[in-house]
Amino acid sequence: MAAENLSWQDALKKLEEGNENFVADKLDGQLNDSSRRSQLTSGQQPYAIILSCADSRVVPELAFDKGLGELFVVRVAGNVSNASSIASIEYAVAHLGVNLIVVMGHESCGAVTAAIQDVKESPSLNHLLDQIKPAVSSAGSTDVNTVVKKNAVLNADKLISDSEIIKSKVDSGSLKILSAFYNLGSGKVDIL
Ligand SMILES: [Zn+2]
């Protein structure tokens with residue numbers, strides 16, 4: 001049983017404060033040093049899970065101004081909820097007691113663009129893009145950022161529909177899932 005963790009409301013507040021620092025070029029750079037590393041050798045208690053794209057321009061620890069052991073970050077192109085990403089998230093929910101999940105898409109996502117263009121390049125890529133296609137067909141637009149936002153919302157929903165562990169915590173009110181959009185230029189994270 002995980003120790004008491006931050007409520008999702010308190011976790012969200014910490015993310016919002018950190019993002020304000022990042023946007024203002026005022027990163028605090030805390031919790032990244034040797035004493036923090038030592039503190040964490042016996043365990044971890046992150047308070048937010050971020051499902052993010054793998055894009056090099058989107059770095060959750062920087063975007064939310066957070067140090068070691070604060071965020072449980074799962075990254076895959078197109079921030080899709082699939083068996084592997086869901087399993088990682090289930091671990092953090094069930095065993096680390098995390099109460100907040102943010103599914104974060106980003107401006108001008110290459111994976112989403114490829115899905116819109118129906119790119120065929122390799123079996124693995126095709127498999128990944130197939131997981132983004134529901135957003136393409138339901139967004140009602142081929143504008144990449146519109147589809148990115150739809151994709152974040154659909155994958156947030158999928159965490160609940162495809163995981164009994166996640167669904168039961170959401171139903172009980174302890175776990176919150178939000179979808180978000182990261183703006184490349186400003187660094188601002190908009191909750192959708
Ligand atoms: Zn991307």
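The values are calculated or read from the model by the stated rules, or taken from the named source; none is laboratory data. Fair warning: this is a prediction, and the values are worked out from it, not measured in the lab. No Cβ is skipped: glycine too gets one built from the backbone with ideal geometry, and neighbour counts run over all protein chains shown. Heads up: the accessible areas ignore ligands, DNA and RNA and are worked out on the full protein's heavy atoms, side chains in. Shrake-Rupley method; radii C 1.70, N 1.55, O 1.52, S 1.80 Å.
Here are the numbers for the structure shown:
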{"item": "Residues within the range 62-77 that are within 12 Å of the ligand (Cβ to nearest atom) and over 26 Å from Asp130 (Cα atoms), tallied", "result": "0"}
{"item": "Matching entry among Lys133, Lys167 (being within 16 Å of the ligand (Cβ to nearest atom), surrounded by fewer than 22 Cβ atoms within 10 Å (Cβ to Cβ) and either in contact (Cβ under 8 Å) with a residue 40 or more places away in the chain or among the charged types (D, E, K, R) (or both))", "result": "Lys133"}
{"item": "Test for Asn145: is it polar (S, T, N, Q), within 14 Å of the ligand (Cβ to nearest atom) and within 24 Å of Asp190 (Cα to Cα)", "result": "yes"}
{"item": "Ala92 vs. criteria at pLDDT 95 or above and open to solvent by 10 Å² or more (accessible area, probe 1.4 Å)", "result": "no"}
{"item": "Scope the range 32-61; condition away from the ligand (no atom under 16 Å from the Cβ), under 22 Å from Ala180 (Cβ atoms) and open to solvent by 40 Å² or more (accessible area, probe 1.4 Å); matching residues", "result": "Glu61"}
{"item": "Residue list for the range 95-130, restricted to those being closer than 30 Å to Leu40 by Cβ, away from the ligand (no atom under 12 Å from the Cβ) and surrounded by 19 or more Cβ atoms within 10 Å (Cβ to Cβ)", "result": "Gly97, Val98, Asn99, Leu100, Ile101, Val102, Val103"}
{"item": "Exclusive hit being free of Cβ contacts under 8 Å to residues at least 60 places away in the same chain and closer than 23 Å to Asp157 by Cα, set Leu31, Leu71", "result": "Leu71"}
{"item": "Residue among Ala77, Ala87, Ala115 that is assigned to a helix (DSSP H, G or I) and either acidic (Asp, Glu) or in contact (Cβ under 8 Å) with a residue 12 or more places away in the chain (or both)", "result": "Ala115"}
{"item": "Test: Leu71 is surrounded by 15 or more Cβ atoms within 10 Å (Cβ to Cβ) and in contact with a strand residue (DSSP E or B) (Cβ under 6 Å, 6 or more places away or on another chain)", "result": "yes"}
{"item": "Unmet criterion (only one of (1) crowded, with 22+ Cβ neighbours inside 10 Å; (2) on the phi < 0 side of the Ramachandran plot; (3) within 14 Å of the chain's Cα centre (by Cα)) for Gly18", "result": "(3)"}
